[in-house]
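Below is one structure, written out as structure tokens, with a few remarks after it.
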Amino acid sequence: MRKNVLIGFLLAVILFAGVTGAFSANKNKNHDDLYRQVELFSDTLAIIQSEYVEDTKPKDLIYGSLKGMLASLDPHSQFMDPETYNELKVDTEGKFGGLGIEITIKDGLLTVITPIEDTPAWKAGIKANDHIVKINGELTRELALTDAVKKMRGKPGEVVNLTVLRDSENKLMDFKIIRDIIKIKDIKQARILEDGIAYIRLSEFRENTLKDFNNALSNLSKQKMNSLILDLRNNPGGLLDVAVKIAGRFVPADKMIAYTKGRKEEQNFEFYSDSKSAILDLPMVVLINEGSASGSEIVAGVLQDYKRAIVIGKTSFGKGSVQTVIPLGDGSALRLTTSHYFTPSGKIIHGKGITPDILVEAEKEDVPEIEPEKSSKGTEVFKEIESAGKNSPVRTDSFDYKKDPQIMRALNTLKAIELYKQAKQ
């Protein structure tokens, strides 16, 4: 009887999906295939409920199945139970208790996209592309992205222990990080460096970023700004419309900024600049690195495509997929990848990143020697290790641009452009 109920429930879901257009080409064949697989699924559920050593709740089984289903698609698609969905809403407020790390799943490993500047993770020395192999002594293998976030978030003042594999150093490292209230400040620096060359450090794209960015540009113009370095290093993205509007400040109106392409026509979108007061004659350099992702890659990509700016630094992260959040009836939701981003010239961002016009390595930090372990990605990483090493040096908050080789290359590039303009005149 229970088996029949499950089959009826699942068939009803499939029929509803069919009505809403979830099945396109070869509809009948797809239906037949799905019916056969649903019967296998329902048989398994029935066997678990009748034969498993402990009593099981149908909701727990269904939720577990959905989590596995979405996780099998790609690292960014996920099923969110009501609690996780509510946490996602908290993310958009720009203030929460945690470590300050943007993470994803890359090559099967829990990977840092970027540490958020001035947060505990940043100050402890966490870097982009670090692989988190343990959280509080627990291996992260097979750990869902949302579960990893839950383990790192919590009450401010509490210690979180991370074991990190850093491929660039072929080392495992231990970090003891104290949670804090994470307050994200979009613009870290906005100042004239020298010879009229302005510098803006943009850490994320949020609701008030455009207003703050415009104010910064206005103030720098009053200080006789004649060129601009836009620093998008370790910028993980944020709100797409804000990134599009900021890019639009530097290209003519009605120019394409980016476009998305999915399987269905309604998933394809084009984004255009709409600024009526675009700054078109200001020489620019955009700085990116492996921690630049999503919205920052869109900005760097469009300015590079239109030859509106010279891009300097290291190849960006390559996070160019679009996730659509689809609420479900019981308060849960699907976060589903529905399309990919492309630059105006057609370059795909996802998995590729933006390649700089001028490749410049960042200054290498001194790291204490630690016994290396196997650094091949996959299960070999997750062998139990009682002592992985020591913390890396703590970052300081001082801003000395003359010690930053990427900023110095940007300065020299803009000075050369100015000299060329003067010689041409």
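A few notes on this one:
- Selected residue (only one of E270, E266 is in a helix (DSSP H, G or I), assigned by TED's automatic domain parsing to the domain that holds L414, without any contact (Cβ under 8 Å) to a residue 40 or more places away in the chain and over 30 Å from E418 (Cα atoms)): E266
- Residues satisfying the stated conditions in the range 75-102, i.e. at pLDDT 80 or above and of a type in the set (S, T, N, Q): S77, Q78, T84, N86
- Qualifying residue in the range 96-118 (condition: in a helix (DSSP H, G or I) and either within 19 Å of S294 (Cα to Cα) or not assigned by TED's automatic domain parsing to the domain that holds R233 (or both)): no
- Every residue from the range 226-239 that is surrounded by 19 or more Cβ atoms within 10 Å (Cβ to Cβ), of a type outside the set (D, E, K, R) and within 22 Å of A416 (Cβ to Cβ): S227, L228, I229, L230, L232
- Cross-chain or 6+ apart pairs with Cβ under 7 Å, the range 159-172 first and at positive phi, then surrounded by fewer than 21 Cβ atoms within 10 Å (Cβ to Cβ) and of a type in the set (S, T, N, Q): N170/S375
Residues are listed down the side, and each one gets a yes or a no for (1) aromatic (F, W, Y); (2) loosely packed, with under 15 Cβ neighbours inside 10 Å:
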residue: D254; (1), (2): no, yes
residue: F271; (1), (2): yes, no
residue: S292; (1), (2): no, no
residue: D305; (1), (2): no, no
residue: R308; (1), (2): no, no
residue: V311; (1), (2): no, no
residue: S316; (1), (2): no, no
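- Hits in the range 410-425 (condition: more than 16 Å from D357 (Cα to Cα) and assigned to a helix (DSSP H, G or I)): K415, E418, L419, Y420, K421, Q422, A423, K424
- Residues of the range 312-365 satisfying the condition of being acidic (D, E) and closer than 28 Å to G125 by Cβ: E361, E363, E365
- Residue in the range 195-217 that is surrounded by fewer than 16 Cβ atoms within 10 Å (Cβ to Cβ), within 23 Å of S316 (Cα to Cα) and not small (G, A, S) present: no
- Selected residue (criterion: modelled with the lowest pLDDT) from residues of the range 273-290 that are assigned to a loop (DSSP other than H, G, I, E, B) and surrounded by 15 or more Cβ atoms within 10 Å (Cβ to Cβ): S275
- Out of A258, A247, sole residue that is within 16 Å of H340 (Cα to Cα), surrounded by 15 or more Cβ atoms within 10 Å (Cβ to Cβ) and touching a Ser or Thr at 6+ places or on another chain (Cβ under 8 Å): A258
- Residues of the range 296-319 that turn out to be at pLDDT below 95 and not hydrophobic (A, V, I, L, M, F, W, C), as a count: 2
- For the range 293-309, the condition of being in contact (Cβ under 8 Å) with a residue 60 or more places away in the chain and in a strand (DSSP E or B) holds for none of the residues.
The values are calculated or read from the model by the stated rules, or taken from the named source; none is laboratory data. This structure is a prediction, so every number in the text was calculated from the model and none was measured. Using ideal geometry, Cβ is built from the backbone for each residue, glycine included, and neighbour counts are taken over all protein chains shown.
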